[in-house]
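Only one structure is covered here, and it is reproduced in the block below.
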Amino acid sequence: MNSYLFYDTETTGLNKAFDQILQFAAIRTDMNFNEMERHNIMVKLRPDVIPSPKATITHRISIAQSMQGVCEFEAIAEIHRLVNQPGTISLGYNTSRFDDEFLRFCFHRNLLPPYTHQHKEGCRRCDLLPITIMYYLYKREVLDNWPEIDGKPTMRLEYLSKANQLASGPAHNAMVDVEATLELARRLYKEPKMWQYLDGYFDKAKDTKRIEEISISFRSIACTNRIALMIGNQYGSANHYQVPVLLIGNSIPYKNKTLWLRLDNLKLRDIQLSDIPSKTSSAEEEKRFSHKSWVIRKKYGEPGIVLPPKERYWDSLSQERQRIVEENKDWLQSHTTVFHKMIQYHREYRYPKIPDLDIEAALYQNGFLPEKEQALGRQFHAALLSQKLPEKVEMVSKFADIDMRQLASRLLCRNYPDNLPTMLTKDFEDYMRRVNPENEDEALFDHKYNKRTTPAVALMEIDKLRKESELDNQQVELLDELENHIKQTFPNPAAMLR
């Protein structure tokens, strides 16, 4: 039986590879949004994680509160079970850009399959944010109020919830946000045909078919080129959350990714052959999803929503933007050498391998595990659940893959540290020294070259927040508690401040 699993997370910070979930809340419903079950999982703070001070004063989960939660492995195993229940459509508000990727790294770190909830046994994902934007653009009457900040519309859930009384309770509490998201879905579903149509954009087969049905604008040597509108929150209210784009083919190394060139770019006609790698490339992950990207990479069945250039959609573009699109389209057809080189570069582009990448950040770089290693992972989980220490330790040495062995070792030291052999604890002690480096230049970094939060940097941020922010009494207490925790857990964290 198919079901929706509305979920939200509160985390120690924004780094998907190195931060952790502190609270996971979910409500499962049938396909008519009738509640079937709910879950609220609090997760114990790991010994190696330094919570972000900004995150701490936002979600207000104290160190003491987090220490009452279940260990990360057991929490993530339960979350993995929930999102992988056959027929589950897991969704939330802006989950595709944050929560879902966060979950993938959590699964990877805990030796659980990171992608099965996206495709296996009828499971898939959805995101309410782009769906809400489509209702705002084309069925605005479905909500009583669309909030604004400084005269500009905002799609932030906390403002939508307050303006339409979707849920009661503080924002940035995972369960409150889940309740608000579910109620928002119920109100949008008052227009069921539109809901079902938009839900189709998160079905890989339907999304693929819709893209293939967009009329061909013109043909180049490299591919057939189709003009469309791409819908996404990152394009902003000034652009009505949409940009005109041109399909320039599929990625060759990543076949599920389509490539779309923005056609409202005034600088497009200034491009030279030598400029293509530096000016049109978006090698860094953040730039790939930035509203400033020249080329947008989109997977089938995932945001953004691609609309055909029908009049009722196209007319939402200003006359000026429409003019730029026409001029750019004509320029591309008359400058085929540059255009084809641009297509070739982006279709063949392969993300560079990052040297010295920590195993927890190497999810995308290392690719899929062989079936033998996956089977060992399942046996390892069974040993963990058996609560028999010798079996757990013995399983670590069975992994042929060095990275899997390290992940398994870290998993034990984080979650079940008692009575472990020296060969495991010594490696974890070495890792903890890397977590607390004497020099910030030696800090671990993730797949986007973002540095892992160090104790010293967290202490500096606490000091800055105290000086520059208006804090209430609870936030002051939270920062005091966090500061004490860092100083007690990590020896001499202020060494690099001198």
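The values are calculated or read from the model by the stated rules, or taken from the named source; none is laboratory data. Every value quoted in this text rests on a predicted model; they were computed, and no experiment measured them. Every residue, glycine among them, receives a Cβ derived from its backbone with ideal geometry; neighbour counts consider all protein chains shown.
General remarks:
- Residue selection: Leu247 satisfies the criterion of being touching a residue at least 12 places away in the same chain (Cβ under 8 Å), assigned to a strand (DSSP E or B) and either aliphatic (A, V, I, L, M) or assigned by TED's automatic domain parsing to the domain that holds Gln118 (or both).
- Scanning the stretch 23-41 turns up at least one residue that is in contact with a Gly (Cβ under 8 Å, 6 or more places away or on another chain), without any contact (Cβ under 8 Å) to a residue 40 or more places away in the chain and hydrophobic (A, V, I, L, M, F, W, C).
- Any hit, the stretch 88-104, residues being surrounded by fewer than 16 Cβ atoms within 10 Å (Cβ to Cβ) and aliphatic (A, V, I, L, M): no
- Matching residues, the stretch 391-408, being surrounded by fewer than 21 Cβ atoms within 10 Å (Cβ to Cβ), over 20 Å from Asn419 (Cβ atoms) and among the aliphatic types (A, V, I, L, M): Ala400, Ile402
- Figure legend. Inter-residue proximity from the stretch 251-269: first residues under 14 Å from Asn225 (Cβ atoms) and at pLDDT 90 or above, second residues surrounded by 14 or more Cβ atoms within 10 Å (Cβ to Cβ) and small (Gly, Ala, Ser), beta-carbon distance below 8 Å, spacing 6+ or different chains. Indicated pairs: Thr258/Gly249; Thr258/Ser251; Leu259/Gly249; Leu259/Ser251; Trp260/Ala228; Arg262/Ser293.
- Candidates in the stretch 289-308 are the residues that are closer than 20 Å to Asn450 by Cα and surrounded by 16 or more Cβ atoms within 10 Å (Cβ to Cβ); of these, the one that is modelled with the highest pLDDT is Ser293.
- Count - residues of the stretch 2-32 that are out of contact with any Asp or Glu (no Cβ under 9 Å at 6 or more places or on another chain) and over 17 Å from Glu360 (Cβ atoms): 4
- The helices (runs of 4 or more DSSP H) falling completely within the stretch 382-482 that include 3 or more residues that are touching a helix residue (DSSP H, G or I) at 6+ places or on another chain (Cβ under 6 Å) and touching a residue at least 40 places away in the same chain (Cβ under 8 Å) map to 402-415, 455-468.
- Test: residue in the stretch 266-281 that is of a type outside the set (Phe, Trp, Tyr), closer than 30 Å to Arg156 by Cα, part of a strand (DSSP E or B) and out of contact with any Gly (no Cβ under 9 Å at 6 or more places or on another chain): no
- Some residue of the stretch 237-250 being in contact with a His (Cβ under 8 Å, 6 or more places away or on another chain) and exposed (fewer than 14 other Cβ atoms within 10 Å of the Cβ): no
- Unique match (being in contact (Cβ under 8 Å) with a residue 40 or more places away in the chain, under 20 Å from Leu411 (Cα atoms) and either in the same structural domain as Ile221 (by TED's automatic domain parsing) or part of a loop (DSSP other than H, G, I, E, B) (or both)) among Leu369, Leu317, Leu357, Leu332: Leu357
- Residue check, Thr58 in contact (Cβ under 8 Å) with a residue 60 or more places away in the chain, assigned to a helix (DSSP H, G or I) and out of contact with any Pro (no Cβ under 9 Å at 6 or more places or on another chain): yes
- Any hit, the stretch 362-370, residues being surrounded by fewer than 16 Cβ atoms within 10 Å (Cβ to Cβ) and either touching a Lys or Arg at 6+ places or on another chain (Cβ under 7 Å) or farther than 30 Å from Gln406 by Cα (or both): yes
- In the stretch 335-354, of all residues being of a type in the set (Lys, Arg) and in a helix (DSSP H, G or I), the one that is surrounded by the fewest Cβ atoms within 10 Å (Cβ to Cβ) corresponds to Lys341.
- Of all residues in the stretch 209-233 being out of contact with any strand residue (DSSP E or B) (no Cβ under 9 Å at 6 or more places or on another chain) and surrounded by fewer than 17 Cβ atoms within 10 Å (Cβ to Cβ), the one that is modelled with the lowest pLDDT: Ile221
- Of everything listed in (1) under 29 Å from Thr12 (Cα atoms); (2) at pLDDT 95 or above; (3) not charged (D, E, K, R), the single unmet condition for Val142 is (1).
- Pick from the stretch 79-131, criterion among the aromatic types (Phe, Trp, Tyr) and outside any loop (DSSP other than H, G, I, E, B), ranking: farthest from Ile231 (Cα to Cα): Phe107
- Checklist (1) outside any loop (DSSP other than H, G, I, E, B); (2) acidic (Asp, Glu); (3) modelled with pLDDT under 95 applied to Glu327, failing item: (3)
- There is no residue in the stretch 192-203 that is at pLDDT 95 or above, part of a loop (DSSP other than H, G, I, E, B) and of a type in the set (Phe, Trp, Tyr).
- Close pairs from the stretch 217-241: first in contact (Cβ under 8 Å) with a residue 12 or more places away in the chain and over 22 Å from Ile133 (Cβ atoms), partner among the charged types (D, E, K, R) and buried (at least 16 other Cβ atoms within 10 Å of the Cβ), Cβ under 6 Å, at least 6 apart: Ser217/Arg226
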